[in-house]
Amino acid sequence: MQPSAPPFEERLTAPRTWWLIAFGIGVACALMFLPLGALPMLGGLVAGTAAACVGVSSYGSARIRVVAGALVAGDARIPLEALGDAEVLDAEEARAWRSYKADPRAFVLLRSYIPTAVRVKVTDPADPTPYVYLSTREPQALVAALAPVPAP
């Protein structure tokens, strides 16, 4: 049996306060329909809250996984052989890499409500992407999952 990298899976869920904001959007929709009566107001509350919750849920459904010899981040699937060193970024360093240190050619899976991140160099010469920037709440676990497995 061949050793494998530790599995990693994380869903970049939206913060709880965003769900309160979604409900507030529903209340705002209800107030827009208030002049039309109670039933349209209730419909506005339900429809507005549902639409806002769908938006929050879809934004927070991004996932980062290390499976079957590949890094899967959002819609991207990158073989581990094409990746180089991974670097844990604390809040300050992550802010720098998503602002003045950023390269426009990089692949970025950014969630602004997550302060920490991981930057992984892309070593594939055929790929113009210099690095992959991933927001993550568990940067050490992701780096450990991306580390090359030593041969027995």
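The values are calculated or read from the model by the stated rules, or taken from the named source; none is laboratory data. As the structure is a computational prediction, the values presented were derived from the model and not from experiment. All Cβ positions, even for glycine, are placed from backbone atoms using ideal geometry, and neighbour counts span all protein chains on display. When the accessible area is computed, the model is the full protein with side chains, heavy atoms only, and any ligands, DNA or RNA have been set aside. Shrake-Rupley method; radii C 1.70, N 1.55, O 1.52, S 1.80 Å.
Quick notes on this structure:
- In the range 87-101, the residues that are outside any helix (DSSP H, G or I) and either exposed (fewer than 11 other Cβ atoms within 10 Å of the Cβ) or basic (Lys, Arg) (or both): 98, 99, 100, 101
- The range 60-81, subset over 13 Å from the mean Cα position of the chain (by Cα) and of a type in the set (Val, Ile, Thr), residue most open to solvent (accessible area, probe 1.4 Å): 67
- Here residue 49 clears all of (1) modelled with pLDDT under 90; (2) touching a Gly at 6+ places or on another chain (Cβ under 6 Å); (3) polar (S, T, N, Q) except the condition numbered (1).
- Of all residues in the range 29-50, those satisfying the criterion of being small (Gly, Ala, Ser), assigned to a helix (DSSP H, G or I) and either free of Cβ contacts under 8 Å to residues at least 24 places away in the same chain or touching a Lys or Arg at 6+ places or on another chain (Cβ under 8 Å) (or both) are 30, 38, 43, 44, 47, 48.
- Residue match in the range 67-86 (condition: farther than 17 Å from residue 114 by Cβ, part of a helix (DSSP H, G or I), in contact with a Gly (Cβ under 7 Å, 6 or more places away or on another chain) and in contact (Cβ under 8 Å) with a residue 60 or more places away in the chain): yes
- Residue tally, condition closer than 30 Å to residue 143 by Cβ and open to solvent by 50 Å² or more (accessible area, probe 1.4 Å), over the range 20-59: 2
- Taking first residues from the range 107-132 that are under 18 Å from residue 96 (Cβ atoms) and partners that are open to solvent by less than 60 Å² (accessible area, probe 1.4 Å) and of a type in the set (Lys, Arg), the Cβ contacts under 6 Å between residues at least 6 apart in sequence or on separate chains come to 131/119.
- Residue list for the range 29-80, filter: aliphatic (A, V, I, L, M) and under 18 Å from residue 8 (Cα atoms): 62, 64, 66, 67, 68, 70, 71, 72, 73, 76, 78, 80
- Whichever residue in the range 102-141 is part of a strand (DSSP E or B) and among the small types (Gly, Ala, Ser) and, among such residues, is surrounded by the fewest Cβ atoms within 10 Å (Cβ to Cβ): 135
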